[in-house]
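Have a look at the structure below before the remarks.
All of the numbers you see were taken from the coordinates with simple rules; none came from a lab. What you see is a predicted model; the values in this text were computed from it and never measured. Every residue, glycine among them, receives a Cβ derived from its backbone with ideal geometry; neighbour counts consider all protein chains shown.
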Amino acid sequence: MAERRVTIGWPEGLHARPASVFVRAVGAVGVPVTIAKAGGTPVNAASMLGLLALGAQGGEEVVLTADAEGAEAALDRLAAMVQNGLDALPEA
């Protein structure tokens, strides 16, 4: 299982616009991904409701995990997006 621990770079955290951007990015990588606050229960990263329920704030650490072919590359891209607060998924 691949895992990335990253600090949320969006000042507003994973709420509203950043959560929407992230959900679309998770769908685009084509790998099932979970996300959790450090020490918390993982939720489906492609679920807008799951992300909003996390209540993840800017500056908090989250853990991205995936267990499928292509997981390492997918998590690298998603982690870069979260850490840098990007509005688009970085290129592969």
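Scalar couplings 3J(HN,Hα) for the range 60-74, obtained by applying the Karplus form with A = 6.51, B = -1.76, C = 1.60 to θ = phi - 60°, are 7, 8, 10, 10, 9, 9, 7, 9, 7, 4, x, 4, 4, 5, 4 Hz; x denotes Gly and Pro. Considering only P42, A73, G30, and ranking their Cα positions along the charge dipole of the chain that arises from unit charges at the beta-carbon of Lys, Arg, Asp and Glu, the one farthest toward the positive end is P42.
Among the GluC sites (Glu not before Pro) within the chain, those in coil by DSSP and having at most 16 neighbouring Cβ atoms inside 10 Å are E12, E60, E69, E91.
In terms of Cα atoms, the Rg and Dmax of the chain work out to 11.3, 32 Å. Under the convention that each Lys and Arg Cβ holds +1 and each Asp and Glu Cβ holds -1, the size of the dipole of the chain around its Cα centre is about 220 debye. Each Cα pair under 8 Å and six or more residues apart adds its separation to the average, and for the chain the resulting relative contact order is 43 percent.
Helix-only estimate, please: 222 nm mean residue ellipticity of the chain, summing -39500 (n - 2.57) across DSSP H runs of length 4 or more and dividing by its residues, to the nearest 500.
Helices in the chain give a 222 nm mean residue ellipticity of -11500 deg cm²/dmol.
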